[in-house]
Amino acid sequence: QVQLVESGGGLVQAGGSLRLSCAGSGSIFSITAMGWYRQAPGKQRELVAGISSSGGRTNYAGSVKGRFTISRDNAKNTVYLQMNSLKSEDTGVYYCAAGAWRTVVAMSGAMDYWGKGTLVTVSS
């Protein structure tokens with residue numbers, strides 16, 4: 001069992017930066033892949049970035065590649081999403097999720113555990 005709690009969302013101007021954090025609990029945190037998903041208003045939830053259990057592999061949606069960076073600190077049971085050069089289309093609720101690396105690679109939403117989300121609003 002893994003419990004996930006996101007933080008760091010808020011209102012930011014276009015071109016600005018935010019760092020999201022996801023604190024996990026549970027003994028399996030360090031052996032699961034993690035992903036950040038985004039659900040924009042009126043749209044389906046989509047994978048933004050994913051990271052393998054060791055942190056050695058990452059996967060990004062094309063729309064954020066070069067602007068967002070996912071990382072993790074297994075000693076702290078925490079995964080991060082550094083978001084730079086934010087655009088209005090990055091607005092949405094960001095969810096942290098834990099699951100299999102193959103799910104992250106497939107850009108699938110079939111992860112095993114989910115946080116409740118944190119809202120990011122980018123004003124233009």
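The values are calculated or read from the model by the stated rules, or taken from the named source; none is laboratory data. Computed from a prediction, not measured in an experiment: that's the story for all the values here. Positions of Cβ are backbone-derived with ideal geometry, glycine not excepted, and every protein chain shown enters the neighbour counts. Remember, those area values only see protein heavy atoms, side chains included, never the ligands or the DNA or RNA. Shrake-Rupley method; radii C 1.70, N 1.55, O 1.52, S 1.80 Å.
Points to keep in mind about this one:
- Restricting attention to segment 94-103 and to residues that are over 19 Å from residue 83 (Cα atoms) and among the hydrophobic types (A, V, I, L, M, F, W, C), the residue that is nearest to the chain's Cα centre (by Cα) turns out to be 98.
- Listed by position, the strands (runs of 3 or more DSSP E) contained in segment 1-53 that have at least 3 residues being touching a helix residue (DSSP H, G or I) at 6+ places or on another chain (Cβ under 9 Å) are 33-39, 46-51.
- Here residue 33 clears all of (1) of a type outside the set (Ser, Thr, Tyr); (2) within 22 Å of residue 17 (Cα to Cα); (3) at pLDDT 95 or above except the condition numbered (2).
- Residue satisfying condition, being open to solvent by less than 30 Å² (accessible area, probe 1.4 Å) and either closer than 17 Å to residue 94 by Cα or of a type in the set (S, T, N, Q) (or both), within set 33, 23: 33
- From the options 118, 69, 58, 103, residue that is of a type outside the set (A, V, I, L, M), touching a strand residue (DSSP E or B) at 6+ places or on another chain (Cβ under 9 Å), modelled with pLDDT of 95 or more and crowded, with 18+ Cβ neighbours inside 10 Å: 118
- Pairing residues of segment 35-64 that are among the charged types (D, E, K, R) with residues that are crowded, with 23+ Cβ neighbours inside 10 Å and assigned to a loop (DSSP other than H, G, I, E, B), at Cβ distances under 8 Å and at least 6 apart in sequence or on separate chains, gives no pairs at all.
- Total residues in segment 70-121 satisfying the condition of being in a strand (DSSP E or B) and either small (Gly, Ala, Ser) or closer than 25 Å to residue 41 by Cβ (or both): the figure is 21.
- Per-region count, segment 54-69, residues under 16 Å from residue 33 (Cβ atoms) and assigned to a loop (DSSP other than H, G, I, E, B): 5
- Residues of segment 1-20 that turn out to be open to solvent by 50 Å² or more (accessible area, probe 1.4 Å) and either without any contact (Cβ under 8 Å) to a residue 40 or more places away in the chain or β-branched (Val, Ile, Thr) (or both), as a count: 1
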